[in-house]
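Here is the structure we will look at, set down as structure tokens.
All of the numbers you see were taken from the coordinates with simple rules; none came from a lab. All figures in this text were calculated on a predicted structure; none of them were measured in a lab. Methodologically, a virtual Cβ is constructed for each residue, glycine included, from the backbone with ideal geometry; neighbour enumeration extends over all protein chains shown.
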Amino acid sequence: MSTILPTFPMWVMCVFEPISTVAGFTVPFIAAELFTAEQIPGSLVEAISDNTRMLALQLGNIYLLLAMVAIAVLYSTTEPKVVRNYVIALWLADIGHIATTGYVMGIDRFVDFANYNPTTWGNVGVTAFLCATRTAYLLGLFGPDKKPLAARKKEQ
């Protein structure tokens with residue numbers, strides 16, 4: 001892997017996250033009704049309107065886009081500033097994603113972890129894990145970025 005991220009955030013952002021976003025892409029295309037019902041725990045799976053189906057499929061498409069952008073940016077750039085700015089954008093999006101989910105669910109359902117379904121764990125739990133990893137990376141807790149492969153070869 002040619003990413004300059006330290007080992008743990010590299011595995012999280014370059015392997016785990018693209019795989020999970022591809023899963024987020026797949027589900028609405030296989031079962032849009034289930035995907036929309038699962039956004040809030042306890043919702044019944046029902047027939048959905050064409051508008052709702054369109055939103056679910058477009059959201060799935062955005063998840064696929066996120067996977068491709070992560071791979072394109074994190075595997076191709078050797079510029080720490082580009083990686084840092086990309087991670088900052090994702091960090092802000094994580095906060096917005098969790099806040100939006102909490103706002104729509106309401107505080108009672110949001111803190112009722114025992115009744116979370118797999119989609120809610122993805123929307124809140126996984127996103128919080130990604131946000132925490134990004135926070136630790138941005139604070140330098142994983143150490144410095146790796147030197148680009150070309151720079152490492154020159155040193156040898």
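Before moving on, here are some points about what is shown:
- Taking only the Cα atoms of region 1-147, the radius of gyration and Dmax are 16.5, 52 Å.
- Gain upon complete extension [ALA93, TYR75; 0.36 nm per residue less C-alpha separation]: 4.4 nm
- Distance (nanometres) between label positions extended 7 Å along Cα→Cβ at VAL45 and ASP112: 2.1
- In the chain, the DSSP-assigned H stretches of four residues or longer account for a calculated mean residue ellipticity at 222 nm of -20500 deg cm²/dmol, using -39500 (n - 2.57) per stretch and the full residue count as denominator.
- Placing +1 on each Lys and Arg Cβ and -1 on each Asp and Glu Cβ, with no other charges, gives the chain a dipole about its Cα centre of roughly 920 debye.
- Built amide H within the under 5 Å cut-off of LYS146, gap 5+: LEU5
- Put a dot 7 Å past the Cα of GLU33, heading toward its Cβ, do the same for MET54, and the two dots end up 2.1 nm apart.
- Positive-pole candidate from CYS131, ALA23, ALA114, dipole of region 1-141, charges at beta carbon: CYS131
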